[in-house]
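Read through the structure below, which is laid out as structure tokens, and then see the notes.
Only the coordinates and a few stated rules stand behind these numbers; no lab work does. The model shown is predicted, which means the values in this text are computed figures rather than measured ones. All Cβ positions, even for glycine, are placed from backbone atoms using ideal geometry, and neighbour counts span all protein chains on display.
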Amino acid sequence: MNKSDQFWDRKAEAYAKSAISDEDSYQRKLAETQKYFTPEMQILEFGCGTGATAVQHAPHVKHIDAIDISGKMLEIGRSRAGEACMKNITFSQNTLEGFQAEAESMDAVLGLNVIHLITDRKSVLDEVARILKPGGIFVSSTGCLGNSYLRFIKFLVPLGKRLDLMPDIFILSEEQLTEEIRAAGFKIETQWHHGIDNVDLFIIARKI
Ligand SMILES: C[S@@+](CC[C@H](N)C(=O)[O-])C[C@H]1O[C@@H](n2cnc3c(N)ncnc32)[C@H](O)[C@@H]1O
């Protein structure tokens with residue numbers, strides 16, 4: 001276990017109980033994502049947390065591999081899926097690179113509210129591209145604080161981490177993230193923001 005897993009293990013119950021901060025945007029993201037889904041599709045969601053979104057998508061696809069580094073998040077995800085009678089979600093404790101999905105095996109990969117927490121974004125984006133089928137889609141939602149006054153949060157991160165209030169957060173801009181996604185071999189089809197100072201960036205990108 002590393003410090004990141006432990007942080008999310010400690011936060012899992014509170015995270016599961018917390019309300020969605022912007023319900024309209026959440027519903028819009030679900031709907032725009034589901035437009036791409038068909039019942040034969042194989043999906044992978046990394047950083048799935050408590051499985052709330054996987055449970056919403058499961059009725060629209062064949063199977064979802066839902067992975068996360070936090071065992072406690074996954075425990076909640078498994079019971080959430082059980083309560084919703086969703087039998088086509090397999091939860092596993094792993095990173096995307098550790099999971100080692102077969103090349104070109106996935107129709108869609110989802111990384112929601114997780115990319116700004118990842119140290120080696122290039123490895124993750126390259127891995128998303130490797131495991132997607134040609135034409136497959138990558139759906140992400142990422143806190144991009146780089147051009148916002150909220151970027152100054154970086155000065156609070158060390159204290160927030162010490163007080164167990166915050167995970168490591170990487171400050172990136174919308175331009176940086178979109179450039180990195182394109183460089184990994186994607187064409188961006190949908191891009192919009194919401195949230196405080198518009199920092200939450202939703203992207204649907206297609207593997208070229
Ligand atoms: C802010 S939560 C988001 C959870 C969920 N995707 C959602 O939108 O509600 C971030 C999640 O990412 C997980 N996480 C953080 N770093 C990760 C990594 N490198 N690989 C996989 N999961 C990771 C955490 O354990 C946590 O469950």
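Between Arg151 and Glu179, the simple label model (points 7 Å from Cα in the Cβ direction) yields a spacing of 1.2 nm.
For the stretch 94-208, the alpha carbon convex hull comes to 95 Å³ per residue, rounded to a whole number. For the peptides 148-158, 167-177, the ranking by mean Cβ contacts within 10 Å, running from highest to lowest, is 167-177, 148-158. Taking 7 Å steps out from each Cα toward its Cβ at Lys87 and Lys187 produces label points 4.0 nm apart. Taking a sphere under 11 Å around the Cβ of Thr53 and counting the other residues whose Cβ falls inside, with K and R at +1 and D and E at -1, yields a net charge of +1.
What net charge do the residues around Phe155 carry, taking every other residue with its C-beta under 15 Å from that of Phe155, with Lys and Arg at +1 and Asp and Glu at -1? So the environment of Phe155 carries a net charge of +3. For the stretch 3-207, DSSP calls about 45 percent of its internal beta bridges antiparallel. Over all pairs of different C-alpha atoms, the chain has a mean inverse distance whose reciprocal, the Kirkwood radius, equals 17.3 Å.
The coefficient of translational diffusion for the stretch 39-118, derived via Stokes-Einstein from the alpha carbon Kirkwood radius under 20 °C and 1.002 mPa s, stands at 173 µm²/s.
In a fully extended conformation the segment linking Ser4 and Leu163 would gain 55.8 nm over its present Cα-Cα distance, using 0.36 nm per residue. Under conditions of 25 °C and 0.890 mPa s, the stretch 123-168 yields 183 µm² s⁻¹ as its translational diffusion coefficient, taking Rh as the Kirkwood radius over Cα pairs in the Stokes-Einstein equation. Residues of the stretch 72-103 falling in the label zone of Lys133, defined by backbone nitrogen less than 16 Å from a point 7 Å along Cα to beta-carbon, are 102-103. Note: relative contact order over the chain, using C-alpha pairs below 8 Å and six or more positions apart, is 18 percent.
A full extension of the chain between Asp197 and Glu97 corresponds to an added length of 32.8 nm, given 0.36 nm per residue minus the alpha carbon distance. With the helix formula -39500 (n - 2.57) applied to DSSP H stretches of n ≥ 4, the chain reaches a computed 222 nm mean residue ellipticity of -10500 deg cm²/dmol. Most tightly packed first, judged by the mean number of other beta-carbon atoms within 10 Å of their residues, the peptides 12-24, 194-206 read 194-206, 12-24.
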